[in-house]
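These notes concern the structure reproduced below.
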Amino acid sequence: MFNIAHHVATKVVSAVHHVEEEIRGLFTLTDEKIMDHIYETHAHADETFDDDSLFIITENILKPATQIVDKIVQLSCKAPGEDVAHKTTLAILKKLSTYQWEAKAVLTLAAFALEYGDFWFLAQHQHSDRVAKSLGILKRVPILTKPAELQKRRQAILELNNLIKATLQVMEIIDQFDKLSIYDPKEITGLSVALDHIPVDVYWSIVTVVACSTKLTLLTSDEDKPYDLAPYSQKIHYVLNKLKIQLVVCRRQVEERETYLRLKKFFQTPTEVMEIFKALTFTKDKPQLLIDGSTNTTVSLEVLKKKKIFLFISTLEITEEDISYLKPVHEGTKRDENYKIVWIPMVENWTPELQKKFEILRSRMPWYTIQSISVSVGIKFIKEEWNFKGKPSLVVMNHQGKIENTNALHLVKLWGIKAFPFDKAAEEKISSETSWIRPVILNIDSHLSDLMLKEEKYIFFYGGKDNEWIKQFTAKANAFANDPIFKESKINIDLFCVGKSPKGGEDHGILVRFWDGIESLFVTKAHKQVDPVTQEIQKLLSYKNESGWALLTKGPHVVTAGHGFTILKVLDDLEKWKEVIKVKGFEISFKEYHVKLIQSVRHCCRLDIPSVIGKVPEKMQCPECPRTMESFISYKCCHIDGPIAHH
């Protein structure tokens, strides 16, 4: 280590002999141009070198040496000048081509420390130690330390000393970045920026050390040759300030990353709820207060202690209907004090307009609200771990911070308080019911829902994007229902066109509620074993954007769902299978003929996965055949609801 340092020292000291070869105007060069120069000197960094240990030794030499100077000279300042040691620096870099960038700077600084530390050590002890006095004479120490010379050159000495201190600080920060390199630069973006710029920062550190070595040699010579260090001082302080700012950014990002990982760990082990909220808001000492919607006052997080929490997570782009779904749940929490609702607004960049909108929405919620959460920790965690994609969700968390359902809002929408407490056990129980279509119908027509309870009543629910198909199906289904075979068998078949009002006009609200309900049913089944109920739900959802579709129910139970083309074909072909009804009954006969048609038609089945599903299943079995469906990514805009993007 010290042989290398001594060799570099020889190179640095010789810089004084290359003053005439130095390139003036270097301070006008761009970082890119400097990179071009220094990368020509850099080989693969395969030399193993303990630069940390050498840096500590160097620091222990230079810090006392600069303190000695501070004691000997009185403090003053001088206007800067300029001169640059470019070629010498490139020569040093070439000599150290196989070392990493930080090691290059540490070795150069160590070499200078041998010279500078030795000089000021002898200056301090020359009057009390005869050997030090003799060595000092050989090192030309008395030339500079005579009172008259100190008085004459004190400004230059202080300028040199302050420049060494600044360079040492630069090296300390570069060393800090080296220690932070254990983190992934993709996660600590500030670190990536800093590490990319280290070669240029090292270059300026070495240039400055070379200049300091040159200045020291001139100060101890008989010549009174000017060599202004001001340009180096300006540059190294610019580098130092930039690195300080970047280090603050990096440390902040590291702290955020550590908090994020701690938050993940909280949900894996029993944790006090308050700690989770402190991590979500990224507050350490003073936790953020909650707003109590029932009293419009702020309260401590203590109100959530040992409670089961329903986290209502949404952007500010929510409707009165979204809020209304939770009103019955809130009434339930008033009856059972063990449960509380907390709204978490997902806002990354607050503006006065958004703050105003937040206050309006908050005033409509009688439960608790957390005022804001950390973008880098809370929002990031909710998006990545709970797969939040913009649609409102309801995360169920027990009193120990364990997540019992990452999104129970679909349960609330479909079954309301009946699905309380909305955990996975409640979801399993309620989603296993065979009368899965009834809660969807209840949300669009309560009278029709009651009618479905009459077990023998068959109903065709139908709709689609093509009005002509709807007219055609209405006419044929009416004729089908009035066929004598059904009259003889006392089979009653009713029709209900989804999205059409009794007067014949379109009812967009009913259409939205119907497909929202089907999507909610899909979410309850998406990550479970495929069963006949799941298959029917997937099949029905795949018809959402088709020209026509129909769903046949018997009482509250689903018989089958089908694409408009195949269902219409079943009605058209009644004469071909009506005799089977007398043997197997209407329900089985209809299903068997429909399955037969599906196998012969071979139309493509398309399933659009709703964003509320969270994590998308890795594969999806086709609801109409045993094959695995191909996956695509698609985007849609219906020019209604949701924020407008600003560029």
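The values are calculated or read from the model by the stated rules, or taken from the named source; none is laboratory data. In this text the structure is predicted, and so the values were computed from the model without any measurement. For neighbour counting, all protein chains shown are included, and Cβ atoms are generated from backbone atoms with ideal geometry for every residue, glycine included. Heads up: the accessible areas ignore ligands, DNA and RNA and are worked out on the full protein's heavy atoms, side chains in. Shrake-Rupley method; radii C 1.70, N 1.55, O 1.52, S 1.80 Å.
Some values worked out for this structure:
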{"item": "Sole residue being open to solvent by 50 Å² or more (accessible area, probe 1.4 Å) and within 23 Å of the chain's Cα centre (by Cα), chosen from ASN349, ASN338", "result": "ASN349"}
{"item": "Tally of residues being open to solvent by less than 40 Å² (accessible area, probe 1.4 Å) and either over 44 Å from the mean Cα position of the chain (by Cα) or not hydroxyl-bearing (Ser, Thr, Tyr) (or both) across the stretch 258-268", "result": "3"}
{"item": "Single residue of the stretch 299-321 satisfying the filter (under 22 Å from ARG513 (Cβ atoms) and under 20 Å from the mean Cα position of the chain (by Cα)) that is most open to solvent (accessible area, probe 1.4 Å)", "result": "THR315"}
{"item": "Odd one out for ILE417 among (1) touching a Lys or Arg at 6+ places or on another chain (Cβ under 9 Å); (2) under 15 Å from ILE341 (Cβ atoms)", "result": "(1)"}
{"item": "Residue satisfying condition, being closer than 19 Å to SER393 by Cβ and modelled with pLDDT of 90 or more, within set ILE276, ILE323", "result": "ILE323"}
{"item": "Condition check for LYS429: open to solvent by 20 Å² or more (accessible area, probe 1.4 Å), within 24 Å of GLN538 (Cβ to Cβ) and without any contact (Cβ under 8 Å) to a residue 24 or more places away in the chain", "result": "yes"}
{"item": "Among (1) of a type outside the set (Ser, Thr, Tyr); (2) closer than 19 Å to TRP415 by Cα; (3) modelled with pLDDT of 85 or more, the one test that ASP516 misses", "result": "(3)"}
{"item": "Residue within the stretch 369-377 that is in a helix (DSSP H, G or I), modelled with pLDDT under 85, farther than 16 Å from HIS330 by Cβ and open to solvent by less than 30 Å² (accessible area, probe 1.4 Å) present", "result": "yes"}
{"item": "Residue in the stretch 450-458 that is in a strand (DSSP E or B), open to solvent by 60 Å² or more (accessible area, probe 1.4 Å) and either on the phi < 0 side of the Ramachandran plot or modelled with pLDDT under 85 (or both) present", "result": "no"}
{"item": "Candidate set: the stretch 545-597, residues that are touching a helix residue (DSSP H, G or I) at 6+ places or on another chain (Cβ under 8 Å) and among the polar types (S, T, N, Q); chosen: the one farthest from PHE486 (Cα to Cα)", "result": "SER547"}
{"item": "The stretch 435-449, residues that are of a type in the set (A, V, I, L, M) and open to solvent by 10 Å² or more (accessible area, probe 1.4 Å)", "result": "LEU442, ILE444, LEU448"}
{"item": "Subset tally (residues that are free of Cβ contacts under 8 Å to residues at least 60 places away in the same chain, open to solvent by less than 10 Å² (accessible area, probe 1.4 Å) and part of a loop (DSSP other than H, G, I, E, B)) for the stretch 205-249", "result": "0"}
{"item": "Residue among LYS578, LYS487, LYS554 that is open to solvent by 60 Å² or more (accessible area, probe 1.4 Å) and not hydroxyl-bearing (Ser, Thr, Tyr)", "result": "LYS487"}
{"item": "Residues of the stretch 389-414 that turn out to be open to solvent by 20 Å² or more (accessible area, probe 1.4 Å) and more than 17 Å from ILE341 (Cβ to Cβ), as a count", "result": "5"}
{"item": "Residue match in the stretch 250-257 (condition: open to solvent by 60 Å² or more (accessible area, probe 1.4 Å) and modelled with pLDDT of 90 or more)", "result": "no"}
{"item": "Checking GLN355 against (1) touching a strand residue (DSSP E or B) at 6+ places or on another chain (Cβ under 6 Å); (2) without any contact (Cβ under 8 Å) to a residue 12 or more places away in the chain, the condition it does not meet", "result": "(1)"}
{"item": "Checking VAL512 against (1) open to solvent by 50 Å² or more (accessible area, probe 1.4 Å); (2) farther than 18 Å from LYS457 by Cα; (3) not in a helix (DSSP H, G or I), the condition it does not meet", "result": "(3)"}
